[in-house]
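The values are calculated or read from the model by the stated rules, or taken from the named source; none is laboratory data. Note that this is a predicted model, so its numbers are computed, not measured. With ideal geometry, Cβ positions are generated from the backbone for all residues, glycine too; neighbour counts draw on all protein chains shown.
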């Protein structure tokens, strides 16, 4: 094969090679840390990045704002020493020292704690081990979701549902088969509008919502039309999980 044909064949082979796709920086690349910090900084929930010794490498702005702490007193400190040791929580130690070493990822770990700077909070912690720079071991990405308002609302609904006869708001209870078990006196408007009575199935406007709460086991709040008005309605599974309470709020 002459030189000209070899050159043409080489050009054709190169043309058939797939184009390289863009990939995120490798942890061995010095730019990787800046790349990672940029990602962490854009996330709205409070985040911490810890090293293998549980010292804070960096945090995002949401963490500083939510927990009312400063970078100078956060970066470089062990997480348990932050904010006058307000993070020295047994549940957090269990997550970081017992659970996470056995699992690379852990989601929705609930922690309730009274923090000196922000008061009592209910938090969901999500943690995962991530590859770090060379010779640095693995890092830990720790994210915090504040569910305090949601938890308080659920507690309020639960208390209201416990004593429905004393509740000035309408309260209904439905069984898993979708049939009405109970209605307090304040629910007479709803009973009349939906033509409901004990043992009768839930109206179509409520059926799917009730089924979803039974399926997930989690409370939800919806807006429901009844008559000519729209009401905010909280649907809460009872402690036995055998029925759900509907409380107008």
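When residue 88 is tested against (1) without any contact (Cβ under 8 Å) to a residue 12 or more places away in the chain; (2) part of a strand (DSSP E or B), only condition (2) is not met.
So that you can scan it fast, the table gives a plain yes or no per residue for (1) modelled with pLDDT of 85 or more; (2) in a loop (DSSP other than H, G, I, E, B):
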{"residue": "15", "(1), (2)": "no, no"}
{"residue": "21", "(1), (2)": "no, yes"}
{"residue": "24", "(1), (2)": "no, yes"}
{"residue": "27", "(1), (2)": "no, yes"}
{"residue": "33", "(1), (2)": "no, no"}
{"residue": "64", "(1), (2)": "yes, no"}
{"residue": "75", "(1), (2)": "yes, yes"}
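Of all residue pairs spaced 6 or more apart or on separate chains, those with beta-carbon atoms under 8 Å, a first member in region 224-239 that is surrounded by 18 or more Cβ atoms within 10 Å (Cβ to Cβ) and a second member that is outside any strand (DSSP E or B) and modelled with pLDDT under 80 are 233/249; 234/153; 234/157; 234/249; 236/154; 236/157; 236/158; 236/161. Note on region 138-218: enclosed strands (runs of 3 or more DSSP E) holding 3 or more residues that are modelled with pLDDT of 80 or more and touching a helix residue (DSSP H, G or I) at 6+ places or on another chain (Cβ under 8 Å) are 138-146, 171-175.
Any chance you could count how many residues in region 230-249 are more than 17 Å from residue 171 (Cβ to Cβ) and either part of a strand (DSSP E or B) or not assigned by TED's automatic domain parsing to the domain that holds residue 167 (or both)? Don't jump to the end; show me each part of the working.
Pass one, region 230-249, residues more than 17 Å from residue 171 (Cβ to Cβ): 230, 241.
Remaining after also requiring either part of a strand (DSSP E or B) or not assigned by TED's automatic domain parsing to the domain that holds residue 167 (or both): 230.
So the answer is 1.
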